[in-house]
Amino acid sequence: MKNKFIKIVQDTNLFLKNFIKKQKKTELIPSMNYGLFSGGKKIRSKILLDIGLFFKVDYKTLIAVGAAVECIHAYSLIHDDLPCMDNDSLRRGKPSTHIKFGESTAILAGNSLLTMAFEILSNSNLKINDKTKVNLIKKLSECSGHLGIAGGQFLDLSFEKKKISKKKIIGMEIKKTGKLFSFCCMAPAIIKNKSLKEINSFEKIGSNIGLLFQIADDLIDYQGSSKIAGKKTKKDEKKGKATLISLLGYKNAIKYSDKIKSKIINNLKKYEVSSKNISETLNYILTRNK
């Protein structure tokens, strides 16, 4: 399992480094590289590969699409860490981008990574037809903006220190975290020109994977050490964050995550997806250190 992640990390980082190398050098590239190559495990790309191999999508194509996803993810983390957002000074054991380069540079680096994702998907070297590229760009845009990550972050901040219903918490976490996982599950089906019904089904599967990931992340914050997590922990409770742990309690949140995992596996079985790879990835999400 570890070797599979290492290969995806290496191949994705190599793709991104080569892509950036071909661009004109600017003053923002050091801060972009800092946020992009900060040691993440590429879990979203792993999910993309798991689903993509089932659909028999070309590996290099999946790495390129995954690279675009990782740009979006890096942008979201850079912005999430800002003082006006979650105000985190550490990310993966290193100073956050705004601590290292300053707030204004961090914002611009995040913006640049956001737009670079769409440069990757529209690039002529990505060997899929233009209609499919437009569809991928449209879906990734939706998952990144007010309908997805940005909208979820807004709700996360606005829910602080308030009593929020389970339905609203789940909706917020699906936007904030689940939408990017949704894209990773939809993208292979889009590339293979599957039916809208099938694409929508994989979108829902991705939402549940993202929800599972967010619960696991909240559990790490609740009980983990800063040294293991690579960032400050026990922040959610101090800030009065609306999470499923704060609503359901620690043990019930774990039970709820087990239910979601079973639901994901059962839904994948409907499409005769080999559950071995995806099951390993889900177990990793639930047991990862950071």
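Residue ranges 180-189, 136-145 sort as 180-189, 136-145 when ordered by packing (mean number of other C-beta atoms within 10 Å per residue, highest first).
For the chain, a crude dipole built from +1 on the beta carbon of Lys and Arg and -1 on the beta carbon of Asp and Glu, taken about the Cα centre, is about 580 debye to the nearest 20. Can you pick out the pairs among 138/239; 167/241; 24/176; 139/251 whose Cα atoms lie more than 25 Å from each other? From 138/239; 167/241; 24/176; 139/251, over 25 Å: 138/239; 24/176; 139/251. Determine the calculated [θ] at 222 nm for the chain from helices alone, applying -39500 (n - 2.57) to every DSSP H run no shorter than 4 residues and normalising by the residue count; nearest 500 deg cm²/dmol. Estimated from H runs of four or more residues: -23000 deg cm²/dmol. Measuring from a point 7 Å past the Cα of residue 198 along Cα-to-C-beta, which residues in the range 39-67 have an amide N at less than 14 Å? Counting only backbone N, you get 51-57.
Compute the separation of the alpha-carbon centres of the range 98-170 and the range 20-42 and state it in Å as a whole number. A separation of 17 Å, based on Cα centres. When the chain is described by a simple charge dipole with +1 on each Lys and Arg Cβ and -1 on each Asp and Glu Cβ, the residue from 31, 283, 244 located farthest towards its positive end is 283. Which trypsin sites (Lys or Arg not before Pro) from the range 1-97 combine a DSSP loop assignment with at most 16 other Cβ atoms within 10 Å? Counting only loop positions with at most 16 other Cβ atoms within 10 Å, the trypsin sites (Lys or Arg not before Pro) in the range 1-97 are 22, 24, 25, 56, 92.
Helices of the chain meeting both criteria, an alpha-carbon length of 30 angstrom or more along the long axis and an average Kyte-Doolittle score not below 0.5, with helices taken as full DSSP H segments, are 59-80. Shape class for the range 1-68, computed from the alpha carbon gyration tensor (a ≥ b ≥ c): prolate, with a/c not under 1.5 and a/b above b/c. Near the amide H of residue 91, within less than 5 Å, lie the amide hydrogens of 96, all on another chain or at least 5 residues away, with H placed in the peptide plane.
When only Cα pairs below 8 angstrom with a gap of at least 6 residues are kept, the chain shows a relative contact order of 19 percent.
Take every Cα pair under 8 Å in the range 43-186 that's 6+ residues apart, average their separations, divide by the length, and report that relative contact order as a whole percent. Once normalised by length, the contact order is 26 percent.
None of the figures in this text is laboratory data; all of them are computed from the coordinates on show. This one's a predicted model, so the numbers in the text were calculated from it and none came from an experiment. A quick note on method: Cβ atoms are made from the backbone with ideal geometry, for glycine too, and the neighbour counts reach across all protein chains shown.
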